[in-house]
Amino acid sequence: MSDNDGPDEPGKHDGNDESSADPIIGQAVGSRLKSLFDEFSSENVPDRFLDLIGQLEESEKADKTGDDTTSTKSADSPAQGSDKADP
Amino acid sequence: MTPSDEVRKGLVTAIPHLRAFAMSLCGRSALADDLVQETLTKAWAKADSYQDGTNLMAWLFTILRNEFYSHLRKRKREVEDVDGAEAAQLVSAPGQMASLELGDFRTALATLPEDQREAIILVGASGFSYEEAADIMGCAVGTVKSRLSRARTRLTELMDGDVPGSTGSV
């Protein structure tokens, strides 16, 4: 993902590790934390997540249930099913 | 009910960060990706509880964090010993902490209590402010700071495992 994803994006002090170490955490620990986090966040996003978003959009169009918990369940199950077994 | 465009775009944008947060909390694992999946699904379902223009990333991190803890609680009820077993797996070589490479740092991170680990990840890695982290963790700012401080002390001990006075202490 790009560095300009949005105003709320965390990790805004990435890139100038030297100057922006948190005073409590300190430079030594802070730079390792950022390296670790950068390593994780730069990994390719598995298709399952983009598929999931697509499915949520579709299920929303298909049926508009009013209940939060019900819709969580109903949106969740087909997503997990299709994760492994593609139609 | 229907997520706004801001939330839709934000969800996609947030995925790498949510994964990184999840993996920092519980290692690179199927659980991490399950937490992300749960988070995205929940966020979609609860989109109406998010106020456009507020901190979407913090909102999403809060959901993921709550999922993580509810998973821990569930698992503790199911199998009392699993936590210990997993921690033991993560902490493979506690005697060799003299100079920590990234992999070792990950191991060291895994030895922290959960509340300290999430605090230091939120502030030190994800770049949230103390206030945002306090919000996400549902605690006071002072608590965030003390968790950070204890986490730093512990990680520093692990990184400097061979300094005088602490020989063999880890």
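The values are calculated or read from the model by the stated rules, or taken from the named source; none is laboratory data. Worth saying up front: this structure is predicted, and the values here are computed from it rather than measured. Here the Cβ is made from the backbone with ideal geometry for all residues, glycine too, and neighbour counts use every protein chain on show.
Computed quantities for the displayed model
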item	result
Residues satisfying the stated conditions in region A:49-64, i.e. in a helix (DSSP H, G or I) and either at the interface with another protein chain (Cβ under 7 Å from one of its Cβ atoms) or without any contact (Cβ under 8 Å) to a residue 24 or more places away in the chain (or both)	A:49, A:50, A:52, A:53, A:54, A:56, A:57, A:58, A:59, A:60, A:61, A:62
Some residue of region A:18-25 being at pLDDT below 50 and out of contact with any Asp or Glu (no Cβ under 8 Å at 6 or more places or on another chain)	yes
Residue count for region B:2-50, restricted to those that are in contact (Cβ under 8 Å) with a residue 12 or more places away in the chain and at the interface with chain A (Cβ under 7 Å from one of its Cβ atoms)	14
Selection count, region B:104-128, where residues are under 19 Å from residue A:21 (Cα atoms) and facing chain A (nearest Cβ under 10 Å)	13
Test: residue A:14 is closer than 30 Å to residue B:105 by Cβ, at pLDDT 90 or above and in contact with a Gly (Cβ under 9 Å, 6 or more places away or on another chain)	no
Selection within region A:19-48 - over 18 Å from the mean Cα position of the chain (by Cα), touching a residue at least 12 places away in the same chain (Cβ under 8 Å) and more than 7 Å from chain B (Cβ to nearest Cβ)	A:31
Entirely in region B:75-170, the helices (runs of 4 or more DSSP H) that have 1 or more residues that are at pLDDT 85 or above	B:102-110, B:114-120, B:130-137, B:141-159
